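For reference, the structure is listed below as structure tokens.
Derivation of every value follows stated rules applied to the coordinates shown; laboratory data play no part. Quick caveat, the model's predicted, so the values are computed rather than measured. Every residue, glycine among them, receives a Cβ derived from its backbone with ideal geometry; neighbour counts consider all protein chains shown.
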Amino acid sequence: MKKILMVAAIGATVLASCGKSEKQVALEKQQALVAYRDSIKLDSFKRAEALAEKQRVEAEHQAELAAARRSAARSYSSSNTVTTSSAGVTNTQAEKKGWSSAAKGTAIGAGVGALTGVLIDKKDGRGAIIGGLTGAGAGYVIGRAEDRKSGRVQKNQ
């Protein structure tokens with residue numbers, strides 16, 4: 001049955017193509033090429049529009065981030081500066097902040113780690129050194145995260 005249908009389809013194709021002149025076949029080929037080129041152009045235009053929209057959204061996002069940074073920098077600098085005026089001269093100095101959370105965390109972690117190391121391993125201070133280094137590292141990581149939350153340290157870009 002399949003062979004009969006295939007032979008009939010081939011025969012119909014041959015008869016259909018024989019009935020057309022060479023000009024009609026050439027015209028149909030040209031129209032098919034034009035349609036194909038138009039579909040490629042349309043696809044490339046759609047991709048270009050999508051890329052332009054993505055770039056526009058990214059530019060808006062970057063502008064919002066820049067505005068937020070400027071706003072944060074203004075509020076950060078205005079809250080941390082002391083302006084003194086004597087005889088018409090204005091000096092702007094940064095206010096001292098003290099220890100950062102990272103420094104505090106490092107110091108506390110080193111102390112607690114050293115004490116824990118001495119209690120666990122009592123051989124010639126080896127445990128104190130290992131515990132102190134481990135505690136200092138953990139304290140620094142935790143303190144640095146606190147500094148980032150508070151805005152004292154900005155994330156790397």
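What does the extension gain come out to for Ala103 and Gln154, with contour length at 0.36 nm per residue minus their alpha carbon separation?
Length gained, Ala103 through Gln154: 16.7 nm.
What FRET efficiency would be calculated for the residue pair Glu49, Ala26, taking the C-beta separation as r and a Förster radius of 41 Å, to the nearest 0.05?
The value I calculate is 0.75.
Can you give the extra length, in nm with one decimal, that the chain gains between Glu60 and Asp38 once fully stretched, where that is 0.36 nm per residue apart less the Cα-Cα distance?
Full extension from Glu60 to Asp38 adds 4.6 nm.
How far apart, in nm, are the 7 Å Cα→Cβ label points at Leu133 and Ala145?
2.3
What are the ³J(HN,Hα) couplings of segment 36-49, residue after residue, when phi is run through the Karplus curve with 6.51, -1.76, 1.60 and θ = phi - 60°? Round to Hz, x for glycine and proline.
Taking θ as phi minus 60°, the curve returns 5, 4, 5, 5, 5, 4, 4, 5, 5, 5, 5, 5, 5, 5 Hz for segment 36-49.
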